[in-house]
Amino acid sequence: MTTERLVKLPPLENGDRLTRSEFEQRYNAMPQLKKAELIEGVVYVSSPVRVIHSQPHADLMTWLGSYRAATPGIACYDNPTVRLDADNEPQPDAVLRLEQGGNSWISDDGYLEGAPELVVEIAASSASYDLHDKLRVYRRNCVQEYIVWCTYSQQIDWFYLEDGQYKPQSPDASGILRSRQFPGLWLAASALLAGHLAAVLQTLQQGIATADHQTFVESWAAAAAARVGRIATADHQTFVESLQPTPL
């Protein structure tokens, strides 16, 4: 009689060098683990989350979620696993992406794949890998905008991709940072750093009230209507009917 031996996968540990497939197998075998990432083929396992991280995280999600509520056609995710390429599977703090016409999609098994338009990370300091290895990974994979909030130094860096390089976004005369990918996504960085969330949301509402945001919303609505129109064509109906079984 043959006895089957169960092969137990080793746990994920910081510094492990794995393929993305190996990383996912081990991650899935550790349901108690809440956050692990594969960056340039190296595993990073996060420590338990302190308040100095979770409070900024909550404020950023409130800001992004408020923009999503006013902007159809975009999706906002909290701590999603992102399959970027064969060696990189980060789990950023927040993601904003176009649901149609962007560079990312949802896989058959429910994961985000490709490069979302905007990624947000909360880091302890400028020494964090968020501003080094991860930044290079996001840049190489053409993530268009990248925001990093360094909690100890109380600094927010907003980068945009231009000619294959990340360049720092400069605030306007009022100290407001404005997204280049999402019209109306305005950030009062100084208010956010000071914990004045109401002021942050007030500034965001000003951005949402602009003509640029309205044009963005209208263009999405027009594109959605065009997709519905294509489905409603006679050619589509003929195609559907051709798939129906022939009556006996």
- Message: For the condition of a type outside the set (S, T, N, Q), within 20 Å of W186 (Cα to Cα) and at pLDDT 95 or above, what is the one hit in A94, A115, A86?
- Response: A94
- Message: Anything in the stretch 15-32 that is surrounded by 14 or more Cβ atoms within 10 Å (Cβ to Cβ) and either under 21 Å from the mean Cα position of the chain (by Cα) or in contact (Cβ under 8 Å) with a residue 24 or more places away in the chain (or both)? List them, or say none.
- Response: D16, L18, R20, F23, E24, Y27
- Limited to the stretch 107-121, what total is found for residues that are farther than 11 Å from P80 by Cβ and either of a type in the set (D, E) or not in a strand (DSSP E or B) (or both)? 6
- Residue list for the stretch 145-163, restricted to those being surrounded by fewer than 20 Cβ atoms within 10 Å (Cβ to Cβ), in contact with a helix residue (DSSP H, G or I) (Cβ under 8 Å, 6 or more places away or on another chain) and among the aromatic types (F, W, Y): Y152
- Set R17, R50: member being basic (K, R) and closer than 30 Å to L204 by Cα: R50
- Item | Every residue from the stretch 95-104 that is more than 23 Å from S21 (Cα to Cα) and buried (at least 21 other Cβ atoms within 10 Å of the Cβ) | L96, R97
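The values are calculated or read from the model by the stated rules, or taken from the named source; none is laboratory data. Here the structure is a predicted model, which is why all the values come from computation and not from measurement. Glycine also receives a Cβ, built like all others from the backbone with ideal geometry; neighbour counts cover every protein chain displayed.
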